[in-house]
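First up is the structure itself, then whatever we jot down about it.
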Amino acid sequence: MKSVKYLAFAAAMMGGTATMAQETFITIGTGGQTGVYFVVGQSICRLVNRGTADHNLKCTAPSTGGSIANINAIKAGDMDMGVAQSDWQFHAFNGSSKFEEDGAFGNLRAVFSVHGEPFTVIARADAGIGNFDDLKGKRVNVGNPGSGQLATMEVVLDAKGWTMGDFSLASELKPAEQAAALGDNKVDAIVYTVGHPNGSIQEAVSTTDAVLVPVNGDAIDKLVADNPFYAKATIPGGMYKGSDSDTTTFGVKATFVTSADVDDEVIYQVVKAVFDNFDRFKKLHPAFENLKEEEMIQDGLSAPLHPGAEKYYKERGWM
Ligand code: GLU
């Protein structure tokens with residue numbers, strides 16, 4: 001057998017875009033199985049793995065706790081890439097908000113952004129919740145530890161001068177459990193920062209009478225005005241049973257991130273697998289339908305681009 005070193009050398013001599021010298025396993029951190037991050041990771045891996053014979057990369061995308069868990073796993077070197085909300089990409093890179101204590105993750109690198117994620121509140125129709133302020137005193141699933149929604153919910157509460165103590169119950173069930181909790185009347189409402197449509201909200205409205213709840217007011221306006229990674233967002237009427245008119249809220253972008261420690265060639269091949277097959281990628285989830293290359297390589301990205309991604313975008317003439 002030829003040594004790995006020899007193959008790597010031969011590959012380098014053959015001019016750069018060569019394959020990895022040996023089978024290389026790469027992992028993408030996603031989110032709960034009923035969310036959209038899981039589909040993002042699975043879709044990227046599916047496209048990457050179609051080319052394993054050429055580049056020797058084998059991609060897996062397990063379910064995880066979400067944004068914060070993914071960023072921490074990338075930082076620890078336990079995962080190579082992951083999906084994370086644009087607000088948490090910003091705070092991790094800058095060492096602000098929830099990441100103040102740990103300090104800036106200066107090696108965090110952006111790859112591209114994906115779909116928009118409205119901060120979504122859905123309540124039982126019988127709970128008397130017509131807007132976010134009505135959540136006071138109610139039983140609310142605020143999101144699992146490690147999720148973007150729990151972290152963003154903490155920011156919202158802070159902006160409003162509330163605490164978790166303002167709810168009669170603040171449960172931390174995972175997305176896969178939250179719809180059943182709503183249906184079983186264990187909680188009055190659930191909070192989920194997520195692309196639409198998604199399995200969790202669909203499950204909630206198909207098992208119980210539930211309505212999307214608007215999230216607006218001065219505190220939200222100020223959050224959006226003060227922070228580039230937040231924007232006003234609308235969940236279109238008619239998307240879910242029980243919510244026929246548009247629901248206004250604010251939102252973030254789902255972004256795909258990695259570390260500067262991950263090989264340029266790995267990121268180049270992953271990005272190439274997605275954008276060489278972009279029409280196929282967009283068909284893998286309705287939330288990807290309106291994605292545009294030129295927006296994906298800049299919107300919602302606050303960490304520097306990974307050089308492997310930049311190389312591909314330059315080759316395509318996008319930068
Ligand atoms: N935005 C959520 C998070 O950061 C995940 C949403 C999803 O899984 O689609 O944890």
Glu154 versus Glu23: modelled label distance in nm, points set 7 Å from Cα along the beta carbon direction: 4.0 nm
Cα→Cβ-extended label distance, 7 Å offset, between Leu284 and Gln298, nm: 2.6 nm
Between region 197-254 and region 85-136, the alpha-carbon center distance in angstrom: 13 Å
Burial order of peptide ranges 141-152, 209-220 (average beta-carbon count within 10 Å, highest first): 141-152, 209-220
Helix axis angle, 37-49 relative to the chain longest principal axis, alpha carbon, degrees: 20 degrees
P(r) of the chain over all Cα-Cα pairs, binned every 10 Å from zero, in whole percent: 6, 27, 33, 21, 9, 3, 1
Kirkwood-Stokes translational diffusion coefficient of region 259-319, alpha-carbon pairs, 25 °C, 0.890 mPa s, µm²/s: 199 µm²/s
Gyration tensor over alpha-carbon atoms, region 93-241, equivalent ellipsoid semi-axes in Å: 26, 18, 16
Between 0 and 90°, nearest 10: helix 4-13 axis offset from the chain longest Cα axis: 80 degrees
Debye-sum result for region 56-170 in log10 I(q)/I(0), which assumes one identical scatterer on each alpha carbon, at q = 0.10, 0.17, 0.21 Å⁻¹: -0.37, -0.91, -1.19
Inter-centroid distance (Cα atoms) of region 140-173 relative to region 18-74, Å: 29 Å
Probe 1.4 Å - accessible area at Arg109, Å² to nearest ten: 40 Å²
Cut-off 13 Å between beta-carbons: net charge of the residues surrounding Val40, Lys and Arg +1, Asp and Glu -1: +2
Gained length - Ser245 relative to Lys58, 0.36 nm times residue gap less alpha-carbon distance: 63.0 nm
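The values are calculated or read from the model by the stated rules, or taken from the named source; none is laboratory data. Fair warning: this is a prediction, and the values are worked out from it, not measured in the lab. Neighbour counts run over all protein chains shown; Cβ positions are idealised from the backbone, glycine included. The accessibility values were calculated without ligands, DNA or RNA, using every heavy atom of the protein model including side chains. Shrake-Rupley method; radii C 1.70, N 1.55, O 1.52, S 1.80 Å.
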